[in-house]
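Okay, structure first, notes after.
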Amino acid sequence: MVGRFAGAWIMRHVPAERVLAVFAVGAMACALVAVFVTGPVAMYALMVIGLFISIMFPTIFALSIRGLGPLTEEGSGLLIMAIAGGALVFIQGNIADRYGLNWGFLLTAACCLYVLFYALWGSKQTNALPAETLQPAPE
């Protein structure tokens, strides 16, 4: 909750893409600390991952539907149906079972790397089709 409120306050002053990129780097760094360090430092790194991840879904959602115009409803519906984050828990569990719990957080780091890519390049708006091309053709 602290991360979500802090992120919302920061986004009043900093573009959402930049905040998402910084939080993705923070989460990725914490995940890597959890992989390669042991003891209390690794435990605190795992707790701080939640702080960084807290702003990711709402920010990615807002960036994804930005500029869709009349297709915003359809785009947001497809985005909600595409949520598959829970499916990765199975993969992370398999990695943890085979190689150790800390190595499972390499998957978290990889996902944060993808979020960083999205924040820096994937969320950039492209030239959209004019609105009249989005309307159905008259019969």
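The values are calculated or read from the model by the stated rules, or taken from the named source; none is laboratory data. Because the structure is a prediction, the values reported are computed rather than measured. Cβ atoms come from the backbone with ideal geometry, glycine included; neighbour counts cover every protein chain shown.
Being at pLDDT 90 or above, more than 20 Å from Leu120 (Cα to Cα) and surrounded by 14 or more Cβ atoms within 10 Å (Cβ to Cβ) is the requirement here; does Val25 meet it? For Val25, the condition - at pLDDT 90 or above, more than 20 Å from Leu120 (Cα to Cα) and surrounded by 14 or more Cβ atoms within 10 Å (Cβ to Cβ) - is not met. Answer yes if at least one residue in the range 59-73 is crowded, with 17+ Cβ neighbours inside 10 Å and more than 25 Å from Gln125 (Cβ to Cβ), and no otherwise. No; the residues of the range 59-73 include none that is crowded, with 17+ Cβ neighbours inside 10 Å and more than 25 Å from Gln125 (Cβ to Cβ).
Which residues, taken from the range 28-37, are part of a helix (DSSP H, G or I) and surrounded by fewer than 24 Cβ atoms within 10 Å (Cβ to Cβ)?
Met28, Ala29, Leu32, Val33, Val35, Phe36
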